[in-house]
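The values are calculated or read from the model by the stated rules, or taken from the named source; none is laboratory data. Please read these numbers as outputs of a predicted model, since none were measured by experiment. With ideal geometry, Cβ positions are generated from the backbone for all residues, glycine too; neighbour counts draw on all protein chains shown. What goes into the accessible areas is simple: the full protein's heavy atoms, side chains included, and nothing from ligands, DNA or RNA. Shrake-Rupley method; radii C 1.70, N 1.55, O 1.52, S 1.80 Å.
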Amino acid sequence: MKLWESLRRPDWLAELQAVLILGVVLVAGLGAFQVVRLALGDELTVSLPASAVSGTVDAPLRAGAEVASDQDLQVLVAEPSAAQVVASALTGLPSYLVVVTLLVLLLRLVRSARRDDPFTRATAGRLRVLAVVVLAGGYGAALVESLAGFYLSSQVYDGATTTLDVPLYWLLVGFGLLAVAEVVNRGRSMRAELETVV
Amino acid sequence: MPPSDDHQVELHLDELLARRGMTLTDLADRVGLTLANLSVLKNGRARAIRFSTLTALCRVLECQPGDLLTVRRQ
């Protein structure tokens, strides 16, 4: 074994733990920054589909040019009310909360796996809980953010609109975690069976 | 259909140890098993035995597998 390998044996769980800690700090920090920015700012930004303001925006454009109606425009609302500020926060904060919760639960699981035997019923259970957090939390956050967007858009123009994004990545991560939970559970039962092989 | 986990295999380890004048600890040392594992085998808690373990036991106890293991008829 080379010297540098003997000095530092790779423990990928340790690296993962460090990345997770960094992730929690970054995401929580970004989320907090967004909240502070909204709370202290005297204006907020609302995304509207360009079709909502078509006609008024096209006016300065030359013939043959028009604003793409299927794109979003950013509309500034000066001196927003408390309700508008809260709604604006709810268009993004729920996702931050879900991601921070996910990272914290994953960090606890990795710490436990490094300290004790990872192939236990508890580990499989924790992975299933993570999967539920991802699936329910992810799509719940998407719904809350969509409703908040709908309320905000109703505040700035007559025809309220919103888009319900259904991100596939929550589904992939959630089912991925359930699959890993099943692998850990099978590993546990195989190891239990092996313990009675002499 | 795979066999069920219940089995009717009986281990005649006590008789063979008495015949050879050997203790379980002696046997564990000579076979290369831990006393804990050998106790698992002796007390009927083992679900399977490796061929290498069976070979070592038969070598030390100077017997054949049929002397060590029998299947109890229901």
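State whether the residues of the range A:40-57 include one that is assigned to a helix (DSSP H, G or I), surrounded by 16 or more Cβ atoms within 10 Å (Cβ to Cβ) and in contact (Cβ under 8 Å) with a residue 40 or more places away in the chain.
Within the range A:40-57, one or more residues are assigned to a helix (DSSP H, G or I), surrounded by 16 or more Cβ atoms within 10 Å (Cβ to Cβ) and in contact (Cβ under 8 Å) with a residue 40 or more places away in the chain.
From the list A:S146, A:S189, pick out the single residue that is surrounded by 15 or more Cβ atoms within 10 Å (Cβ to Cβ) and among the small types (G, A, S).
When all the criteria are applied, what remains is A:S146.
When you scan the range A:1-21, how many residues do you find that are surrounded by 10 or more Cβ atoms within 10 Å (Cβ to Cβ) and modelled with pLDDT under 65?
Selection size over the range A:1-21: 0.
Taking A:T120, is it away from every other protein chain (no Cβ under 14 Å), open to solvent by less than 90 Å² (accessible area, probe 1.4 Å) and in contact (Cβ under 8 Å) with a residue 60 or more places away in the chain?
Yes; evaluated as a whole, the condition is true for this residue.
Restricting attention to the range B:21-36, which residues are within 14 Å of another protein chain (Cβ to nearest Cβ) and either assigned to a helix (DSSP H, G or I) or within 10 Å of the chain's Cα centre (by Cα) (or both)?
If the condition is that a residue be within 14 Å of another protein chain (Cβ to nearest Cβ) and either assigned to a helix (DSSP H, G or I) or within 10 Å of the chain's Cα centre (by Cα) (or both), then B:L24, B:L27, B:A28, B:V31, B:L35, B:A36 are the ones that fit.
Quick check, is A:R128 farther than 21 Å from A:W170 by Cα, open to solvent by 40 Å² or more (accessible area, probe 1.4 Å) and in contact (Cβ under 8 Å) with a residue 24 or more places away in the chain?
Answer is no for this residue.
On the basis of being away from chain B (no Cβ under 14 Å), open to solvent by 60 Å² or more (accessible area, probe 1.4 Å) and at pLDDT below 90, does A:L164 make the cut?
Yes: the conditions hold for A:L164.
Listed here are the residues, each with its yes/no results for (1) open to solvent by 70 Å² or more (accessible area, probe 1.4 Å); (2) modelled with pLDDT of 85 or more; (3) within 30 Å of A:R115 (Cβ to Cβ).
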residue: A:V24; (1), (2), (3): no, yes, yes
residue: A:L30; (1), (2), (3): yes, yes, yes
residue: A:L61; (1), (2), (3): yes, no, no
residue: A:G64; (1), (2), (3): yes, no, no
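Taking only the range B:42-59 into account, find how many residues are charged (D, E, K, R) and more than 9 Å from chain A (Cβ to nearest Cβ).
Qualifying residue count, the range B:42-59: 2.
All but one of (1) open to solvent by 30 Å² or more (accessible area, probe 1.4 Å); (2) assigned to a helix (DSSP H, G or I) hold for A:S88; state the number of the condition that does not hold.
(1)
What about B:S39, is it within 14 Å of chain A (Cβ to nearest Cβ), more than 11 Å from the chain's Cα centre (by Cα) and open to solvent by 20 Å² or more (accessible area, probe 1.4 Å)?
no
Can you give me the number of residues within the range B:42-74 that are part of a loop (DSSP other than H, G, I, E, B) and surrounded by 13 or more Cβ atoms within 10 Å (Cβ to Cβ)?
4
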